[in-house]
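The values are calculated or read from the model by the stated rules, or taken from the named source; none is laboratory data. In this text, all values refer to a predicted model and were calculated from it rather than measured experimentally. Cβ placement follows ideal geometry from the backbone for every residue including glycine, while neighbour counts extend to all protein chains displayed.
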Amino acid sequence: MKVLGIDHVVLRVADLDAALGFYRDILGCSVEREVSSLGLVQLRAGHALIDLVPIDGSLGQKGGAGPGAEGRNVDHFCLRVEPFEPRRIREQLLAAGFQPGSVKRVYGAEGYGPSIYVNDADGNTVELKGPAEGE
């Protein structure tokens with residue numbers, strides 16, 4: 001068996017509209033599929049999907065308490081972004097009311113490269129990753 005990459009990440013969210021505002025409207029992920037009977041919205045993120053599951057929906061209720069300061073459903077996940085223009089990324093996030101961290105040199109799937117961390121509307125940490133050094 002060989003892992004080729006992330007297929008999807010499932011996030012339980014307190015406010016679906018706020019989550020869509022972040023992932024669709026700010027990061028540019030497109031809605032690929034909705035399954036209203038489950039309370040599921042799947043967003044295309046390059047070759048992978050981000051599944052948003054409202055905690056008050058039938059699927060979301062199975063996971064217990066929602067995201068919050070006392071516990072998280074996920075530590076963080078990383079999205080490789082292009083172009084990686086730190087100033088523009090920071091401006092876009094700040095304009096939308098999100099507080100990005102500083103650019104850090106982080107090791108990822110392609111090697112060391114720049115990353116910016118930001119929390120989404122539910123407090124999930126999202127790493128926005130640029131190209132590996134030397135690319």
| field | Which numbered condition Ser36 fails, given (1) closer than 20 Å to Ala96 by Cα; (2) modelled with pLDDT under 90 | value | (1)
| task | Tell me which residues, restricted to the range 18-62, are of a type outside the set (A, V, I, L, M) and more than 29 Å from Gly130 (Cβ to Cβ). | result | Glu34, Ser36, Ser37, Gly39, Pro54, Asp56, Gly57, Ser58, Gly60, Gln61, Lys62
| Any residue in the range 111-119 that is outside any strand (DSSP E or B), out of contact with any strand residue (DSSP E or B) (no Cβ under 6 Å at 6 or more places or on another chain) and either on the phi < 0 side of the Ramachandran plot or without any contact (Cβ under 8 Å) to a residue 40 or more places away in the chain (or both)? | no
| said: Condition (residue is surrounded by fewer than 17 Cβ atoms within 10 Å (Cβ to Cβ), modelled with pLDDT under 85, over 19 Å from Ile26 (Cβ atoms) and aromatic (Phe, Trp, Tyr)) applied to the range 105-123: is it met by at least one residue? | reply: yes
| Is it the case that the range 45-66 has a residue that's closer than 13 Å to Leu16 by Cβ, under 17 Å from the mean Cα position of the chain (by Cα) and modelled with pLDDT under 80? | yes
| query | So Val74 fits all but one of (1) modelled with pLDDT under 80; (2) over 11 Å from the mean Cα position of the chain (by Cα); (3) assigned to a loop (DSSP other than H, G, I, E, B); what number is the exception? | reply | (2)
| message | Looking at Glu82 and the list (1) part of a loop (DSSP other than H, G, I, E, B); (2) surrounded by 12 or more Cβ atoms within 10 Å (Cβ to Cβ); (3) within 16 Å of the chain's Cα centre (by Cα), which single condition is not satisfied? | response | (2)
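So which residues in the range 1-60 are out of contact with any Pro (no Cβ under 7 Å at 6 or more places or on another chain), without any contact (Cβ under 8 Å) to a residue 24 or more places away in the chain and among the small types (Gly, Ala, Ser), if there are any at all? Write out each step before concluding.
Looking only at the range 1-60, we keep the residues that are out of contact with any Pro (no Cβ under 7 Å at 6 or more places or on another chain), and these are 1-11, 15, 17-38, 40-59.
Keeping just the survivors that are without any contact (Cβ under 8 Å) to a residue 24 or more places away in the chain gives 1-4, 17, 24, 28-38, 40, 43-44, 56-59.
Within the range 1-60, Gly28, Ser30, Ser36, Ser37, Gly57, Ser58 qualify.
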| request: Report yes if Gly123 is assigned to a loop (DSSP other than H, G, I, E, B) and in contact (Cβ under 8 Å) with a residue 24 or more places away in the chain, otherwise no. | output: yes
| Quick one: is Val31 loosely packed, with under 15 Cβ neighbours inside 10 Å, at pLDDT 85 or above, in contact with a helix residue (DSSP H, G or I) (Cβ under 7 Å, 6 or more places away or on another chain) and part of a strand (DSSP E or B)? | yes
